[in-house]
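Asks: Structure incoming, see below.
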Amino acid sequence: MTATLDLSPISQKDLICTSLLQRSDIERIYAVARELKRGRDVHTKVLGNKRLAMIFEKDSLRTRFTFDIGMSDLGGTVSFMDHRDARIGSRESVKDIAKNLERWVHCIVARTFKHKVLEDLAAAADIPVINGLSDHVHPCQALSDFFTLTEKWPSLQGRTLTFVGDGNNTCHSVIHTAVKLGVHIRVCTPEGYEPSARVVNEATRAAHEAGSEVHILNDPQQAVEGADAVYTDVWASMGQEDEIEDRNGLFADYQVDEALMSRAKPGALFMHCLPAHRGKEVAAEVMDGPRSVVYDIAENRLHVQKAILALLIR
Ligand code: CP
Ligand code: NVA
C-alpha cells in the first residue's frame, strides 16, 4: 500500500551532503518518514525488486543495520561489500565501480574516508548514491537528528542547538541541516578543532535565508547557555585512532555532564549520534538520563533512511 506516500522525486539524484538539499526536500523526506514510521509493516512493496549495494570502508552498527532493515521493510534487497581492508578506488577506479554497480543495483550507499570518493561515485553513476558517512559530513545522521527534534518540539524555528566537541563530520552535517530548518546553531570546540571555514561560511549564507544564526565558540559554558538541545560526538573519529590520547587531554573540559547541561534551558535535550564513550565526551548521568534522546535518534535512522531510499530510488 503506497496510497499515502508522495514519492515524486526530490531536487537531487543523490544524498551526498544536506547543504545540497532544499528545505522543501527535507520536509518531503520527513513527511514520508512520518508515514513509514506509522506503518512499519505496511509499505512492503514500495521498493519491490529494487536492489541496494552498500560499500563501507569503516565500521558501522546503526548505518549498516538501518539501511539493510529499511530496504527489506520496503520489499527490496541489499548486497554488502566490506571495504575496510582497502580504500575504494585502490583496485579499480571509482568510476568503474560506479559503472559496474549501476548495471546490477538501483542505489549505492557508501561509507568512506575521502568525501571526494562519494562525489566521484555520484558523478559517475546513473543511479542514486547516498553518503553513509565520509570524513567531511554525515547527512543521514543529521536528517535523523532533526527529524527526532520535530517529534519532540511543536516547531524547530528559532530553537537553539549547541554542538560541543570536535568540529567533525557529524558537526558539519548538523550545522548544514540546522540552518536550512531555521534552527540557531552554536558550535563549541577547543581552539584548532573548529568546523571547516567553508562549511561555516556556506551555512552562514543559508542561515540568513532561513532566519537562523551560526556561532562558533570555544567556551562551553557560554555556548550552552539557554540552549534547547546539546549535542556531542566522539572526540576522535574513525581514522583518528592515533590521536585519541592527545585528544582526551585537549577535550577534557568539553565533556557534556550535568553541570554543563544545567546551563541549558530546563528540559533541554541531549543528543549524540553514537557510538558514545561515557566518561569522555558525555557523562554517564547525561547519556543515560531523562533528557537523552539518543535511542530515539537511532530508531529514526531507520524511518528517515527508508524515506530517503523511497524518494531516491526509481
Ligand atoms: N551514528 C552512526 O552512524 O553509527 P554507526 O557508525 O554505527 O553507523
Ligand atoms: N564522527 C564519528 C561519527 C561516527 C558515526 C566518526 O566519524 O567516527
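The values are calculated or read from the model by the stated rules, or taken from the named source; none is laboratory data. From a predicted model like this one, the values you see are computed outputs, not experimental measurements. Please note: Cβ atoms are built from the backbone with ideal geometry, for glycine as well, and neighbour counts cover all protein chains shown. The accessibility values were calculated without ligands, DNA or RNA, using every heavy atom of the protein model including side chains. Shrake-Rupley method; radii C 1.70, N 1.55, O 1.52, S 1.80 Å.
Asks: So which residues in the stretch 94-121 are out of contact with any helix residue (DSSP H, G or I) (no Cβ under 8 Å at 6 or more places or on another chain), open to solvent by less than 70 Å² (accessible area, probe 1.4 Å) and not charged (D, E, K, R)?
Replies: Residues satisfying the conditions are N100, L101, V105, H106, F113, H115, L118.
Asks: Kindly check whether there is at least one residue in the stretch 261-269 that is within 16 Å of ligand 1 (Cβ to nearest atom), within 19 Å of Q157 (Cα to Cα) and not aliphatic (A, V, I, L, M).
Replies: Here is the first cut: in the stretch 261-269, the residues within 16 Å of ligand 1 (Cβ to nearest atom) are none.
Checked against the condition, which is being within 16 Å of ligand 1 (Cβ to nearest atom), within 19 Å of Q157 (Cα to Cα) and not aliphatic (A, V, I, L, M), the stretch 261-269 yields no hits at all.
Asks: If I ask for residues that are over 25 Å from K114 (Cβ atoms), out of contact with any His (no Cβ under 7 Å at 6 or more places or on another chain), outside any loop (DSSP other than H, G, I, E, B) and open to solvent by 30 Å² or more (accessible area, probe 1.4 Å), which ones from the stretch 45-72 would you list?
Replies: I69, S72
Asks: Within the stretch 246-313, considering only helices (runs of 4 or more DSSP H) that don't extend past its boundaries, which have at least 2 residues that are among the aliphatic types (A, V, I, L, M) and touching a Cys at 6+ places or on another chain (Cβ under 9 Å)?
Replies: Working: elements: 258-261, 284-287, 294-312.
It comes to 294-312.
Asks: Also: Residue by residue through the stretch 73-93, note down the ones that are open to solvent by less than 40 Å² (accessible area, probe 1.4 Å) and away from ligand 1 (no atom under 16 Å from the Cβ).
Replies: Once the filter is applied, which keeps residues that are open to solvent by less than 40 Å² (accessible area, probe 1.4 Å) and away from ligand 1 (no atom under 16 Å from the Cβ), the stretch 73-93 yields D73, L74, G75, G76, I88, G89.
Asks: Okay, next question. Could you grab me the full set of residues in the stretch 222-239 that are open to solvent by less than 40 Å² (accessible area, probe 1.4 Å), assigned to a loop (DSSP other than H, G, I, E, B) and among the aliphatic types (A, V, I, L, M)?
Replies: Here is the first cut: in the stretch 222-239, the residues open to solvent by less than 40 Å² (accessible area, probe 1.4 Å) are 223-224, 226-237.
Now drop any that are not assigned to a loop (DSSP other than H, G, I, E, B), which leaves 226-228, 233-237.
A227, V234, A236, listed by residue number.
Asks: Let me ask something additional. What's the number of the only condition in (1) closer than 23 Å to D73 by Cα; (2) in contact (Cβ under 8 Å) with a residue 24 or more places away in the chain that D257 fails to meet?
Replies: Failing condition for D257: (1).
Asks: Looking at the stretch 85-116 only, could you name the residues that are touching a Lys or Arg at 6+ places or on another chain (Cβ under 7 Å), touching a residue at least 60 places away in the same chain (Cβ under 8 Å) and under 21 Å from G75 (Cα atoms)?
Replies: H106, the sole residue that qualifies.
Asks: Looking at T204, is it at pLDDT 95 or above and either buried (at least 23 other Cβ atoms within 10 Å of the Cβ) or in contact with a Gly (Cβ under 6 Å, 6 or more places away or on another chain) (or both)? Steps first, answer last, please.
Replies: Details: at pLDDT 95 or above: yes; either buried (at least 23 other Cβ atoms within 10 Å of the Cβ) or in contact with a Gly (Cβ under 6 Å, 6 or more places away or on another chain) (or both): no.
In short, no.
Asks: What tally of residues in the stretch 207-216 results from selecting those that are outside any loop (DSSP other than H, G, I, E, B) and either surrounded by fewer than 21 Cβ atoms within 10 Å (Cβ to Cβ) or of a type in the set (G, A, S) (or both)?
Replies: Pass one, the stretch 207-216, residues outside any loop (DSSP other than H, G, I, E, B): 207-210, 214-216.
Narrowing further to those that are either surrounded by fewer than 21 Cβ atoms within 10 Å (Cβ to Cβ) or of a type in the set (G, A, S) (or both): 207-210, 215-216.
Total satisfying the criteria: 6.
Asks: Further question on the same structure: Go through (1) of a type outside the set (A, V, I, L, M, F, W, C); (2) under 18 Å from R34 (Cβ atoms); (3) surrounded by fewer than 23 Cβ atoms within 10 Å (Cβ to Cβ) and name the single condition P266 misses.
Replies: Only one criterion is unmet by P266, namely (2).
Asks: From the list D242, D219, which residue is in contact (Cβ under 8 Å) with a residue 12 or more places away in the chain and open to solvent by 20 Å² or more (accessible area, probe 1.4 Å)?
Replies: Working: D242 fails: in contact (Cβ under 8 Å) with a residue 12 or more places away in the chain.
Testing whether each residue is in contact (Cβ under 8 Å) with a residue 12 or more places away in the chain and open to solvent by 20 Å² or more (accessible area, probe 1.4 Å) leaves just D219.
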